[in-house]
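To start, the structure under review is shown below, and the notes come after it.
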Amino acid sequence: MESDRSELRWGVEQRLEFIEFRLFWEGHVNRSDLMDQFGVSVNQASTDLNRYIGFAPDNMLYDKSARTYVRGSEFKPQFLEPDASRYLAQLRSVADGLLDREDAWIANLPPYAAAPTPVRGVNPATLRSVVGAIRRSEAIEVKYQSLSSPESRWRWIAPHAIAFDGFRWHTRAFCLTDEAFKDFLLSRMLEIRECRESDVSATDDRDWNTEATLEIGPHPALSETQAKVIALDYGMRGGKAKIKVRRALLYYALRRLGLDTDPGARKPQDQQIVLLNREVIHEDHG
């Protein structure tokens, strides 16, 4: 079976993954699903379904009354590991307009809503320039609006990575004006005009290349039952969970988790978690 599978073309394997996705999440799949999703012929769709049965005969059965293949009671994934994060990311992408409905593998989208995060859009030309500079190891001259200065000003930066803080997109770059590695919000780059070669190495950005491990636990003032619920929410084991984060993104991670303020400033039921190893914030990593 493994040798047969290793010879599958990418397009065929993708369709077999789709069959399995539909079986796991929807419980059924038929020829028209494959035809609609991939634009294949009736014969090709039949061939794909028969090929899948050849690999996993117990995974689906044909229901004559419903005229569709249904998930078998002995179903075991062969082509993809069922992943809730992947399903939810696809749902969110469709709802946010990032993925066309017809490109999603989910057949019946459940009603969905998300708490809005008003964020200024990133100019695609700006992103293209930054990504291009990263790819070519160049420095670019940007007109940047910082919070600390009332007027925007031009500065040279040498970007080496893109980062997301949970709300906004940044580039991690060496600022030739301040002579330090810093974060620059893509949305605050008003103009980009010149580029030049750069000899700045990403390996010199210690905060980017060093990881910190946050250990979080339920707020100690929660009841035992409440603490168990919080432990479930965060996948804690033994009363704590470990979260690895680049030091360059440590401030954003703490802020997003609500750990950037004194835990006593909010009610335990609102705060929910505390940082068990606060010393990680002040560790010398030089």
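Miscellaneous remarks
- Lys, Arg +1 and Asp, Glu -1 on Cβ, resulting dipole of the chain about Cα centre, debye, nearest 20: 520 debye
- Length-normalised contact order for region 19-92 - Cα pairs under 8 Å, 6+ apart - percent: 32 percent
- For the chain, relative contact order (Cα pairs under 8 Å, six or more residues apart, normalised by length) works out to 11 percent.
- Region 161-223 and region 87-153 have their alpha-carbon centroids 16 Å apart.
- Eligible lysines near LYS240 by straight Cα distance, threshold 30 Å, same-chain separation 8 or greater: LYS228, LYS267
- Rounded to the nearest 20 debye, dipole of region 124-204 from Cβ charges on Lys, Arg, Asp, Glu: 300 debye
- Shape of the chain, Cα gyration tensor, a/c cut at 1.5: oblate
- Solvent-accessible surface ranking, highest first, for LYS64, LYS240, LYS143, LYS267 at 1.4 angstrom: LYS64, LYS267, LYS240, LYS143
- Entries in LYS76/LYS244; LYS143/LYS182; LYS76/LYS242 that, when Cα-Cα distance is taken, lie over 24 Å: LYS76/LYS244; LYS76/LYS242
- Where GluC sites (Glu not before Pro) fall in DSSP loop in region 115-211, at most 13 other Cβ within 10 Å: GLU151, GLU179
- Prolate/oblate/rounded call for region 124-204, Cα gyration tensor, a/c under 1.5 rounded: rounded
The values are calculated or read from the model by the stated rules, or taken from the named source; none is laboratory data. In this text the structure is predicted, and so the values were computed from the model without any measurement. When we count neighbours, we look across all protein chains shown, and the Cβ atoms used for this are built from the backbone with ideal geometry, even at glycine. Accessible surface is based on the protein model in full, side chains and every heavy atom, while ligands, DNA and RNA are left aside. Shrake-Rupley method; radii C 1.70, N 1.55, O 1.52, S 1.80 Å.
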